[in-house]
Amino acid sequence: MAVATFLFVLLLALLILLFLRQLWTRRHLPPGPLALPLIGTLWADGFWLHEDHFCKHVKQYGNISTLSAGPNLLVVLSGFKTVKEGMTSFPEEFSDRSVDPLLGVLGKERGIILSSGHTWKQQRHIGITSLRKLGLGKKSIEHQIEDAAQALVEIFRQTKGQPFDPSFPVLNAVFNVICVFNTGHQSAPEDENFQKLIQALNFFLNFTGNIFHLIYVQFPQLMNYLPGPHQKALASRELIISFAKQEIEKHKEFHALHEPQDFIDYYLLQMEKSRNDPDSTYNEENLIQCILDFFVAGTETTMATLMWALLLLTNHPDIQEKVKKEIEDVFGFSGSISYQDRKKLPYTNAVIHEMQRLKYILLAGVPRRSTKDVKMRGYLIPKRSIIIPDLRSVLLDPEQWETPKEFNPNHFLDKDGKFIEREEFLPFGIGQRVCVGQQLARIEIFIFLTSLLRAFNFRLPKGVKELNEAPVVKVTMHPHPYKLCAIPRKGSSLTLSKSHLL
């Protein structure tokens, strides 16, 4: 009994000393919950990701708070004013990418997303330049998106108004847009290699942020020797890389460097131009990773956004009808709609922006890493801290939005019904590392949705009162699987009974 009492007192004393030591060492840092050995502050979040992951920390500690995961110090910036200040006042200091052990293995700090410094600046430059140049001419990316949108309309039409899951056709359509950008050609959905590539990408994306990923971050050395889905994620990456290598070799054999047709062409041309530059990072290893980056970021985010959009429009038939009426009044049922036409469709444009605001597709912004010690609002943010710009808190900031948790297109309309840009609308990030492909994503979302809404009325299946608007919480926030009915509008070759909706 005496030994047990002694051990209890000793343990209590050690915990008190730990607490006091932490208070002293963190006295200049932003406030946050107590960090325990090994698990850090995970206990404060219930050891699990949830939709408003950082909200309770804002209520308790303010808009700048300190968390920890293992040996890593995390500084979370919340709310529009704080995120804007951090990302614009310290553009260089917060410009490096934070890479956890698994992402370090998967990305090897190459390409655009996971690189930093000189490598990142050069890879970002070639990405932006290629996107801009491929946006021009008769074979522009926008024309390719219009073709992909019409193909998607035909696939939806084949469902003949019966309930179906739109996720796979949407994924195929978005993936093919990135295929065209990267390689200059689409892949047929029935192609076996295409299916393997889609499956590998799907698994790779779904693995990110799950429990095995979190365990790997905490115990990377141990996990390298253990079986599990993390090993399959690594294998999935290798399959995508194998595809990229094959495409690069084809482009070398049948290159069009005098008239580049896709990203690989532009990159190979840049490699040729930089051949004698000792500081150049334009090489095949970075090209392969850039191709993977565009597949991962360009497919996952746009696909999730379109899935949320179809869900919200189906759940809100009144808003859906207003959008369709505006499109019909301006364009009728024939002729193409280009991205520039969004200026003629203020309500439609507002609805698309509101979808992206309300259903932001990431848990938070993509983390950065501080390159030096920074003083912000009187707090010390040490060098190599992980900076998390919580963009979800910006898009739901009650100080900026009238009804932050409601689907309200009026957030982007003035009193005369004209579309207004909002500085607080930051789904693509802010600062130097704002999303490279944001313009491509904007064009895709606009053209896909206007094409689909022009062709169909989206309705709930028989017996379903409402689609679930709660997200599946991972690093990327997808809706739960759902089915809807795409009823062809007037002018369609199909005439359907509405009995299945009763």
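The values are calculated or read from the model by the stated rules, or taken from the named source; none is laboratory data. No experiment lies behind these values; they were computed from the predicted model shown. Ideal geometry is used to build each Cβ from the backbone, glycine not excepted, and the neighbour counts take in all protein chains shown. Only protein heavy atoms, including side chains, enter the accessible area calculation; ligands, DNA and RNA are left aside. Shrake-Rupley method; radii C 1.70, N 1.55, O 1.52, S 1.80 Å.
Taking every protein chain into account, the accessible area of the stretch 341-436 amounts to 44 square angstrom per residue (probe 1.4 Å). In this structure the stretch 255-302 gives 44 Å² per residue of accessible area when probed at 1.4 Å with all protein chains present.
Here the stretch 382-470 has 48 percent of its accessible surface on carbon and sulfur atoms, given a 1.4 Å probe and all protein chains in place.
Counting lysine pairs in the stretch 340-396 whose alpha carbons fall under 26 angstrom apart, excluding pairs fewer than 8 residues apart on the same chain, gives 4. Charged neighbours of D397, selected by a Cβ distance under 9 Å, balance to -1 (K, R count +1; D, E count -1). Counting Lys and Arg as +1 and Asp and Glu as -1, what is the net charge of the other residues whose Cβ lies under 14 Å from the Cβ of T371? Residues close to T371 contribute a combined charge of +4. I'd like the chymotrypsin sites (Phe, Trp or Tyr not before Pro) in the stretch 302-367 restricted to DSSP loop residues with at most 16 other Cβ atoms within 10 Å, sorted by number. Here the chymotrypsin sites (Phe, Trp or Tyr not before Pro) that fit, given the DSSP loop and packing criteria, are F333.
For the stretch 293-425, the extents of the C-alpha atoms along the principal axes are 58, 37, 27 Å, listed from largest to smallest. Once all protein chains are placed together, H185 keeps about 70 Å² accessible to a 1.4 angstrom probe.
Over all other residues within a Cβ to Cβ distance under 14 Å of I327, the charged ones net out to +4, with Lys and Arg as +1 and Asp and Glu as -1. On the protein heavy atoms, probe 1.4 angstrom, tell me the percent of accessible surface of the stretch 273-325 carried by carbon and sulfur. The C+S portion of the solvent-accessible surface of the stretch 273-325 is 50 percent. A probe of 1.4 angstrom, applied to the heavy atoms of all protein chains, finds D265 with accessible area near 10 square angstrom.
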